[in-house]
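Chemist: Take a look at the following structure, please.
The values are calculated or read from the model by the stated rules, or taken from the named source; none is laboratory data. Bear in mind that the values here come from a model prediction, so they are computed numbers and not experimental data. All Cβ positions, glycine included, derive from the backbone under ideal geometry; neighbour counts span all protein chains shown. For the accessible areas, the whole protein counts, side chains as well, though only heavy atoms, and no ligand, DNA or RNA atoms are used. Shrake-Rupley method; radii C 1.70, N 1.55, O 1.52, S 1.80 Å.
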Amino acid sequence: MSFALLQQKIDELKNPAVVGLDPDLAHIPPQIIDKYFAEFGETPEAASRAVIEFNINLISGLCDIVPAVKPQSAYYEALGHHGALALKMTCDYAKSKGMYVIIDAKRNDIGSTAAAYSAAYLGSVKIGSAEFMPYDADALTVNAYLGSDGILPFIDTAIRFDKAVFALVKTSNPSAGELQDKLLSGEQSKTLYTAVGELMEEISADTQGEYGYTRVGAVVGATYPDEMKFLREHLKRTFFLVPGYGAQGGSAADAAYAFCENGRGAIVNSSRSIIAAWKTSNESGIHYVDAARKAALKMRDELRNALK
């Protein structure tokens, strides 16, 4: 079961962290950008090749520390078909190094369109008599706010290919509460985000795996620790993906509320704080992998201390 695989990797490295591979060109050292601009001009192909080199070096430098990576698809889609190839190569290389891969695409729709999304990111696609897996991610972020008919096709694919999804429940952005914190009509204290979390656990109840978690996890931001604590108490069978740590202001102490009493059941994301650490440290861009390792080790130790 996919979350069992993730938990095993977390246990092996004693590190419940995932690195967000969000390769904004501003995060890539100039010597890498300049090399490909010189060869291919200021083009999407040059940018994509720079992204691939950047990601591969980061993955090689972090795979013995961090159990998972989370490429944010928007940065790859912005580069067109060259970016799609960069995303595929990033996923394949991370898996070859033993890392768990979460594609952060926040996809959703209903019916056959949802099935097509889930096939693209988690499953396989048939072309004639051939069948291939476009991205073969271990997990995918999805938007739960269309209701169950927008999630069930993803669950079906996850079961078939032993994958998982993380549904948006309580997101980390400042305006999340404008809708997610609304009280439901007829309910004295139940918020919309609580109802969404409960629905996700309900419709995936028969997919529990080795550690007791279903195939539908929840995205719950570290920037809202009180809400996270409440959700953890109510969603016992849900694995949490926690954004908002680091650059967005969430701390290890905040993120600790996402974990079950046994210290399992959650993984905490950091993107800019690690992949762009070279920009805020004394390291030059030449040593960006070393800077990323130092930042990843610092995050690991902070999480370990918070979970004690």
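Chemist: So I have (1) 0.94; (2) 1.03; (3) 0.98, and one of them is Cα Rg over 2.2 N^0.38 Å calculated from this model. Which one is it?
Modeler: Computed from the coordinates, Cα Rg over 2.2 N^0.38 Å corresponds to (3).
Chemist: So what is the calculated 222 nm ellipticity per residue for the chain, using -39500 (n - 2.57) for each DSSP H run with n of 4 or more, over all residues, to the nearest 500 deg cm²/dmol?
Modeler: Calculated from helices alone, the mean residue ellipticity at 222 nm is -13500 deg cm²/dmol.
Chemist: In sequence order, what are the phi-derived ³J(HN,Hα) couplings for the stretch 65-73 according to the Karplus relation 6.51 cos²θ - 1.76 cosθ + 1.60 with θ = phi - 60°, rounded to whole Hz, with x for glycine and proline?
Modeler: 10, 10, x, 8, 10, 9, x, 8, 4
Chemist: Then there's this: Under a point-charge model restricted to the Cβ atoms of Lys and Arg (+1) and Asp and Glu (-1), what is the dipole moment magnitude of the chain relative to its Cα centre, in debye to the nearest 20?
Modeler: So the magnitude is around 520 debye.
Chemist: Can you give the accessible area per residue of the stretch 41-102, in Å², using a 1.4 Å probe?
Modeler: 35 Å²
Chemist: Count the lysine pairs in the stretch 39-183 whose Cα atoms sit under 15 Å apart, keeping only pairs 8 or more residues apart in sequence or on different chains.
Modeler: Pairs that pass both the separation and distance tests number 9.
Chemist: Continuing with the same structure: Considering only the stretch 106-212, what is the antiparallel percent among its DSSP beta bridges, to the nearest 5?
Modeler: If I count the DSSP bridges inside the stretch 106-212, around 45 percent turn out antiparallel.
Chemist: So in the chain, what percent of DSSP beta bridges are antiparallel if you round to the nearest 5?
Modeler: 10 percent
Chemist: At a probe size of 1.4 Å, how large is the accessible area of residue 272, to the nearest 10 Å²?
Modeler: Probe radius 1.4 Å; accessible area of residue 272 about 120 Å².
Chemist: I would also like to ask the following. Just the number, please: carbon plus sulfur as a percent of the accessible area of the stretch 215-293, 1.4 Å probe, no ligands or DNA/RNA counted.
Modeler: Within the stretch 215-293, the accessible surface is 46 percent carbon and sulfur.
Chemist: Tally Lys and Arg at +1 and Asp and Glu at -1 over the other residues with C-beta under 14 Å from the C-beta of residue 147: what net charge comes out?
Modeler: Here the count lands on -4.
Chemist: Could I ask something else about it? At a 1.4 Å probe, what is the % contribution of carbon and sulfur to the accessible area of the stretch 111-182?
Modeler: Within the stretch 111-182, the accessible surface is 56 percent carbon and sulfur.
Chemist: Could you derive backbone 3J(HN,Hα) for the stretch 261-266 from the dihedral phi with the Karplus parameters 6.51, -1.76 and 1.60 (θ = phi - 60°), listing whole Hz in sequence and x where the residue is Gly or Pro?
Modeler: 4, 7, x, 10, x, 7
Chemist: Can you give the extra length, in nm with one decimal, that the chain gains between residue 145 and residue 185 once fully stretched, where that is 0.36 nm per residue apart less the Cα-Cα distance?
Modeler: 12.7 nm
Chemist: Could you name the lysines whose alpha carbon sits less than 22 Å from that of residue 308, not counting residues in the same chain fewer than 8 places away?
Modeler: Straight-line reach from residue 308, under 22 Å: 9, 14, 229, 236, 294, 298.
Chemist: With Cβ to Cβ distances under 12 Å as the rule, what net charge do the other residues near residue 40 carry (K, R +1; D, E -1)?
Modeler: Overall, the nearby charge balance is -2.
Chemist: Among 80, 271, 23, whose Cα sits farthest toward the positive end of the charge dipole of the chain (+1 at Cβ of Lys/Arg, -1 at Cβ of Asp/Glu, about the Cα centre)?
Modeler: Value computed over the given set: 271.
Chemist: Could you compute the net charge surrounding residue 177? Neighbours are other residues with a C-beta less than 10 Å from the C-beta of residue 177; K and R count +1, D and E count -1.
Modeler: -1
Chemist: If amide H atoms are built 1.01 Å from N in the plane of the peptide, which residues on other chains or at least 5 residues away come under 5 Å of the amide H of residue 240?
Modeler: 218, 266, 267
Chemist: May I pose another question? Taking amide H positions as placed in the peptide plane 1.01 Å from N, state which residues far from residue 68 in sequence (5 or more) or on other chains have amide H under 5 Å from it.
Modeler: 19, 100
Chemist: While we're here: Normalising by the residue count of the stretch 182-224, find the relative contact order in percent from Cα pairs under 8 Å and 6+ residues apart.
Modeler: Relative contact order of the stretch 182-224: 23 percent.
Chemist: Sequence-distant or interchain residues sharing an amide H contact under 5 Å with residue 247, placed H: which?
Modeler: Amide H neighbours of residue 247: 271, 273.
Chemist: Applying a 10 Å radius around every beta-carbon, put 118-124, 71-77, 11-17 in order of their mean neighbour count, most first.
Modeler: 118-124, 71-77, 11-17
Chemist: On to the next question. Residue by residue, what Karplus-based ³J(HN,Hα) values in Hz, rounded to whole numbers, does the stretch 112-125 have, using 6.51, -1.76 and 1.60 with θ = phi - 60° and x for Gly and Pro?
Modeler: 5, 5, 4, 5, 5, 4, 5, 5, 5, 8, 10, x, 10, 10
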